Amino acid sequence: MVTLLQSIVDALPDWRQASALGHLSSLKLPLVTLLGSTAIGKSHLLFATCHQLAKKSVSHLYLNMNDYRAWSYDIFEGLEDLSVIALDNIHAIAGDARWEEALFDLLNRVVETQYTLVLCTSHLGPSNPAFTLPDLGSRLAWGVIYHVNQLDDAGREEAVRLRAEERGLKLSNQALQFLLHHSERDLKSLMTLLARLDTRSLQEQKRLSVAMVKRELGL
């Protein structure tokens, strides 16, 4: 999965010319869905991919669909002109008829233009009955689905290290190991803790240290 996402980043904006992505360019709907349960790193992978796209100045938009109730339905308008559309947690709109239809319409425009690559994360597969618009489930099934499993210890370490780098955090190896061994193991909790440490580091104008991690954890 990481290899695929890196290949996508490397190939963009001309991803259809990359031999490593031939299986995507042959799809009627160029859609990649990262499927799996909560707190296993799907959003991290999507966010990290978008971070790399921003560094390359590739046109894209990241939307966390958990926040869809705060938006208007026209937020999807014109997105088919971007190189990448990144939709995190698309399961959030399952059962909301108007938003399911809005997403269905967007995917149809992507099919028509054959320009944009769509990257999604979801807890629900396209055939899940929570999606009440049958045509939407059908469109989501046109893409490729990768099941994301729980990260092992080495994967968790690499994920935290990469997110720290993305945030510009200077994290010593000792502080990293202490964080990994004294905090919750799921990736969501680790990323939340890292965000708090980022704030503390900025406030204290100091590099992250074991002592700082201890204070944040109340140890």
Taking the condition of being in a helix (DSSP H, G or I) and either over 25 Å from Leu46 (Cα atoms) or in contact with a strand residue (DSSP E or B) (Cβ under 8 Å, 6 or more places away or on another chain) (or both), how many residues in the range 182-219 meet it? 15
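Just to be sure I understand, how many residues within the range 55-73 are more than 24 Å from Asp96 (Cβ to Cβ) and open to solvent by 80 Å² or more (accessible area, probe 1.4 Å)? Give the steps one after another, and end with the answer.
Of the residues in the range 55-73, the ones more than 24 Å from Asp96 (Cβ to Cβ) are 55-60.
Within this subset, residues satisfying the condition of being open to solvent by 80 Å² or more (accessible area, probe 1.4 Å) are 55-57.
Of the residues in the range 55-73, 3 are more than 24 Å from Asp96 (Cβ to Cβ) and open to solvent by 80 Å² or more (accessible area, probe 1.4 Å).
Out of the residues in the range 180-219 meeting the condition of being polar (S, T, N, Q) and either touching a helix residue (DSSP H, G or I) at 6+ places or on another chain (Cβ under 6 Å) or modelled with pLDDT under 80 (or both), tell me which one is surrounded by the fewest Cβ atoms within 10 Å (Cβ to Cβ). Walk me through it before giving the result.
First pass over the range 180-219, keeping only residues polar (S, T, N, Q): 183, 189, 192, 199, 201, 203, 205, 209.
Imposing the further condition that a residue be either touching a helix residue (DSSP H, G or I) at 6+ places or on another chain (Cβ under 6 Å) or modelled with pLDDT under 80 (or both) reduces the set to 183, 189, 201, 203, 205, 209.
Details: Ser183: 17, Ser189: 12, Ser201: 20, Gln203: 8, Gln205: 6, Ser209: 18.
Going through the qualifying residues, I end up with Gln205.
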Could you give every pair whose Cβ atoms fall below 7 Å, whose first residue belongs to the range 189-203 and is among the charged types (D, E, K, R), and whose second residue is open to solvent by less than 30 Å² (accessible area, probe 1.4 Å), counting only separations of at least 6 or pairs across chains? Asp198/Leu169; Arg200/Met212
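Every residue, every condition in (1) part of a helix (DSSP H, G or I); (2) free of Cβ contacts under 8 Å to residues at least 12 places away in the same chain; (3) surrounded by fewer than 18 Cβ atoms within 10 Å (Cβ to Cβ), yes or no:
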| position | (1), (2), (3) |
| --- | --- |
| Ala92 | yes, no, no |
| Leu106 | yes, no, no |
| Val118 | no, no, no |
| Thr132 | no, no, yes |
In the range 134-149, the residues that are more than 16 Å from the chain's Cα centre (by Cα) and touching a residue at least 12 places away in the same chain (Cβ under 8 Å): Asp135, Leu136, Ser138, Arg139, Leu140, Ala141, Trp142, Gly143
Taking the range 99-126 and keeping only residues that are touching a helix residue (DSSP H, G or I) at 6+ places or on another chain (Cβ under 6 Å) and over 24 Å from Ile8 (Cβ atoms), one is left with Trp99, Glu100, Ala102
Contacts under 6 angstrom Cβ, first residue in the range 60-89 being farther than 19 Å from Ala11 by Cβ and in contact (Cβ under 8 Å) with a residue 12 or more places away in the chain, partner of a type in the set (D, E, K, R) and crowded, with 20+ Cβ neighbours inside 10 Å, 6 or more apart: Asn64/Asp88
Filter the range 12-49 for residues that are touching a residue at least 24 places away in the same chain (Cβ under 8 Å), more than 20 Å from Thr113 (Cβ to Cβ) and part of a helix (DSSP H, G or I) and give the result. Lys42, Ser43, His44, Leu45, Leu46, Phe47, Ala48, Thr49
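The values are calculated or read from the model by the stated rules, or taken from the named source; none is laboratory data. Bear in mind that the values here come from a model prediction, so they are computed numbers and not experimental data. A quick note on method: Cβ atoms are made from the backbone with ideal geometry, for glycine too, and the neighbour counts reach across all protein chains shown. Side chains are part of the model used for accessible areas, which takes the heavy atoms of the whole protein and leaves out ligands, DNA and RNA. Shrake-Rupley method; radii C 1.70, N 1.55, O 1.52, S 1.80 Å.
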